[in-house]
Amino acid sequence: MNLKILWMYHDLMDLYGDKGNAEVLKRRAAKRGIDVILDTCTIGEEKNIADYDLFFMGGGADREQNLIYKDLLSRKDAIREAMDQKTAFLLICGGYQLFGKYYKDQDGQMIESLGFFDYYTEASDRDHRCIGNIAVETTIDGETFRAVGFENHGGQTKDVSTPFAKVLNGHGNMYQSPYEGFMNDTVLATYMHGPLLPKNPKIADALIRRALKKRYGEVTLEPLDDTLENRAREVMLERLHAL
Ligand code: GLN
């Protein structure tokens, strides 16, 4: 069994250690004896996106989003094909925003986005930037649990039909919003950096299962010893009065 991951714009969209997400996916799969092919793809590079089981894109400041969005739009048909074939998606912050209708940045400039989903994002004034640690409760593929991360975004994301999680402490999609991120059967999009997966092993495993499902159907992953990961998560949940 193998797992093919495509990490988009690894050299530009990588805020607050988002690269750690790729590392965690790789290690947790390898511990189950699953071979991992981790490829990167940046501006102008040719890759057949639908060949991969998991598409991962990290966050970026307005500057990086401005640099990559035209290249991303040029891949719209290929990304749609990958979605139609049930590829799993992990999109963080700036990556999350660029899958909606548009992102209007801090300078008021419109960054056209892929428009796969109805949500859209507009930068707040500087007094309402969403910054800090965040605790949420989510239900992924039938299992409910709490997760932690770190957010830093001006973007206020509106009209999210199916959020990823409920906010317990922090901001989420908008300043003091009750909801965080976007999720459907194959796409998980969130403002949570930190990076997301090292402290939230259940999310990592859910993504691995979703990605393997594309070619292998439902797979049961053997449990790993997550004592340290869970301790790290609990320390933050405690600090955020969300344990
Ligand atoms: N530039 C975007 C914003 O400020 C995304 C930032 C990020 O990826 N952390 O909303």
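A few notes on this one:
- Potential lengthening between T162 and D185 on full extension [0.36 nm per residue; Cα-Cα distance subtracted]: 7.2 nm
- Å³ per residue enclosed by the Cα convex hull of the chain: 108 Å³
- In plain terms, the chain from D127 to T42 could stretch by 27.3 nm, reckoned as 0.36 nm per residue minus the Cα-Cα distance.
- Relative frequency of Cα-Cα separations exceeding 16 Å in the stretch 180-243, percent: 56 percent
- For the chain, the 222 nm mean residue ellipticity estimated from helices alone, with every DSSP H stretch of n ≥ 4 adding -39500 (n - 2.57) and the total spread over all residues, rounds to -8500 deg cm²/dmol.
- When Rg and Dmax are taken over the Cα atoms of the stretch 99-217, they come to 14.6, 48 Å.
- The residues of the stretch 40-93 expose on average 42 square angstrom of accessible surface per residue, using a 1.4 Å probe on protein heavy atoms.
- Charged-residue dipole, Cβ positions (Lys, Arg, Asp, Glu), the chain about Cα centre, Debye nearest 20: 420 debye
- The number of Lys pairs in the stretch 1-160 with C-alpha atoms less than 18 Å apart, excluding pairs fewer than 8 positions apart on the same chain, is 14.
- Loop-located GluC sites (Glu not before Pro) across the stretch 1-52 with a Cβ neighbour count of 14 or fewer within 10 Å are E45, E46, with loop assigned by DSSP.
- The value obtained for the stretch 166-217, namely the Cα convex hull volume divided by the number of residues, is 85 Å³ per residue.
- Kirkwood Rh and Cα Rg combined as Rg over Rh, evaluated for the stretch 1-122: 0.97
- Selected from L38, L168, L221 as most flexible by GNM, with the chain as the system and alpha-carbon contacts under 10 Å: L221
- Candidates A61, A165, A189: whichever shows maximal mean-square fluctuation once the chain is modelled as a Gaussian network with Cα springs under 10 Å: A61
- In the distance distribution for the stretch 81-124, Cα-Cα pairs more than 13 Å apart total 56 percent.
- For the stretch 57-156, Kirkwood radius (reciprocal of mean inverse C-alpha pair distance, Å): 14.8 Å
- In this simple spin-label approximation, T220 and K70 carry label points 7 Å from Cα along the Cα→Cβ vector, and these lie 5.2 nm apart.
- For I140, nonlocal amide neighbours, meaning residues 5 or more places apart or on other chains whose placed amide H falls under 5 Å from its own, are F145.
- Using the Cα coordinates of the stretch 13-72, the gyration tensor eigenvalues translate into equivalent-ellipsoid semi-axes of 24, 16, 7 Å, sorted from longest to shortest.
- Residues whose amide H comes within less than 5 Å of that of G60, counting only those at least five positions distant or on another chain, are G94, G95 (H built at 1.01 Å from N in the peptide plane).
The values are calculated or read from the model by the stated rules, or taken from the named source; none is laboratory data. Being a predicted model, the structure only gives us computed values, none of them experimental. With ideal geometry, Cβ positions are generated from the backbone for all residues, glycine too; neighbour counts draw on all protein chains shown. Accessible surface areas use protein heavy atoms only, side chains included; no ligands, DNA or RNA. Shrake-Rupley method; radii C 1.70, N 1.55, O 1.52, S 1.80 Å.
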